[in-house]
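The structure under discussion appears below in the form of structure tokens.
The values are calculated or read from the model by the stated rules, or taken from the named source; none is laboratory data. All of these numbers come straight from a predicted model, not from anything done at the bench. We place every Cβ from the backbone using ideal geometry, glycine too, and count neighbours over all the protein chains shown.
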Amino acid sequence: MDNIQIYQWILVGLSSIVMLFIAPRAHTIADFFKGQQKDQSPNFFILTSSLVISWLFAKSITNAANLGMSFGMVGGIAYAAYYLSFIVAGLVIYQLRVKGGFQSIHDFLETRFGKGALIVFSVLIAFRLFNEIWSNTMVIGSYFGEQGTSMYYISILVFTILTLLYSMKGGMSSSLFTDLIQMIFFGLLITVILSVIIPKTEGGIIAIVSTGEWKWSMGVNLLLVAVVQSFSYPFHDPVMTDRGFISPVRTTLKSFMWAGLIGGICIVLFSWVGVYGKMNGLSGEAPVQVSKLLGIGMMLMINFIMITSAASTLDSTFSSFSKLAVLDLKLIKQPSVSKGRIIMALLTLVGTIPIFMNPEILSATTISGTMVIGLAPIFLCWKLKVPRISFYLSIAVGLISGLVLVFKLLPESLYFTSGKYADLLTVNIVGTIACFVVYFIPVILQKSRYAEDA
């Protein structure tokens, strides 16, 4: 073990111990599952910080930097477009609460589409939560050793266990409180990193923002994919939607709007790490390569920002999955804090298994995002009362679209554009349109039947 790895272990250990020490202990179900402290809901600053940092995953900022290295500034903007999800989700959740009177996403789905729809939806978001664990811890492992090495796996296991410990202490309360601390750390660290990179870049900020070309093959495909998926993607993320129902409605809407803006800006700024690498002829994993170029101090700085973002996502994932199993699905009789902690431990065990199968990190976003495009008409058109079959038809078309993408079943001759992500864009556009069509077909048939009977 070299000196750099020793410093990295110290960072992991100290940050986890600090979080374990300062995280509030949950004593009641409201504390553990809804983040209340002394019967008070999270305020604007806590909620906004939690929303932002819980989406600045280690894999997200890694993807942003990699896309910056591949496509320049266009790549960073493309990935930042996913943060439109906050705007969409904030507006829909506001209406669900104010005009619909619903207490949660699960309350809406069960009321409108029945218990079966609730179970199907829960399976989809469980898959999402499952992905969040391995895809973020893999990023941490990459800083300790090559994929497949013993140090790579050991670092992942140690980091995951330490994060689990402080998450079990307070559940959602721990997640919200530590998110605020982690957001402050993130802001300070990205400021320091950019203060080093920008002066070392010939031409400064102007040169950085001028990189890349606005062509289909140079990131524009992915930009449009992000826009399309933003109308469905947020609703299969319980880390986001759970936070939409724990504070007053106006506070919640304001937090979601600001979180979308702040999060998007953070992603663009971190993509500059990759842009810097591109301008210096680097290749490979952008944060790793750039940190090596800038020396040990910067390497540790970038490592710490990854540890911070990964931990914030993991603790949010643990608390959301626990709430899903205990409160939303009511899988546990007589819910309690202790049972919520057991659920967290089980998720950690199952969610860590994929790291031994060497999956692709970016696929955790793009593939799962395609498979849930069927959620778009369900939530965007929530006011319209449709037959229950509409839910299943839309979800089915979304899943089929994801499979078409995974197995590359769409011929290249049918792609709308050219270059990387052309298949992703085509499948998402066609699939989303198809989801809306099949969602409304039962309504049209129902109206036709009523007209004939009349």
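Residues are listed down the side, and each one gets a yes or a no for (1) surrounded by fewer than 16 Cβ atoms within 10 Å (Cβ to Cβ); (2) basic (K, R); (3) without any contact (Cβ under 8 Å) to a residue 12 or more places away in the chain:
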site: W214; (1), (2), (3): yes, no, no
site: S217; (1), (2), (3): yes, no, no
site: V220; (1), (2), (3): no, no, no
site: Y233; (1), (2), (3): no, no, no
site: R243; (1), (2), (3): no, yes, no
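Would a scan of region 212-232 turn up a residue that is under 29 Å from V18 (Cβ atoms) and either modelled with pLDDT under 95 or not polar (S, T, N, Q) (or both)?
no
Applying the selection to region 314-340, what residues are of a type in the set (S, T, N, Q), in a helix (DSSP H, G or I) and either under 18 Å from I105 (Cα atoms) or in contact (Cβ under 8 Å) with a residue 40 or more places away in the chain (or both)?
S316, T317, S319, S320, S322
Could you tell me whether A311 is assigned to a helix (DSSP H, G or I) and under 20 Å from T48 (Cα atoms)?
For A311, the condition - assigned to a helix (DSSP H, G or I) and under 20 Å from T48 (Cα atoms) - is met.
How many residues are in a loop (DSSP other than H, G, I, E, B) and basic (K, R) if we restrict to region 198-240?
Number satisfying all stated conditions: 1.
Looking only at region 169-188, which residues are within 27 Å of S338 (Cβ to Cβ), within 21 Å of the chain's Cα centre (by Cα) and either crowded, with 24+ Cβ neighbours inside 10 Å or without any contact (Cβ under 8 Å) to a residue 60 or more places away in the chain (or both)?
Once the filter is applied, which keeps residues that are within 27 Å of S338 (Cβ to Cβ), within 21 Å of the chain's Cα centre (by Cα) and either crowded, with 24+ Cβ neighbours inside 10 Å or without any contact (Cβ under 8 Å) to a residue 60 or more places away in the chain (or both), region 169-188 yields G171, M172, S173, S174, S175, L176, T178, D179, Q182.
Would you please name the residue that is nearest to S15 (Cα to Cα), looking only at residues in region 312-343 that are crowded, with 19+ Cβ neighbours inside 10 Å and among the small types (G, A, S)?
Top of the filtered list is S312.
Can you tell which of N131, N63 is part of a helix (DSSP H, G or I) and under 30 Å from T201 (Cβ atoms)?
Being part of a helix (DSSP H, G or I) and under 30 Å from T201 (Cβ atoms) holds for just one of N131, N63, which is N63.
Output the residues belonging to region 88-109 that are crowded, with 18+ Cβ neighbours inside 10 Å, among the hydrophobic types (A, V, I, L, M, F, W, C) and within 19 Å of the chain's Cα centre (by Cα).
Within region 88-109, V88, A89, V92, I93, I105 meet the criteria.
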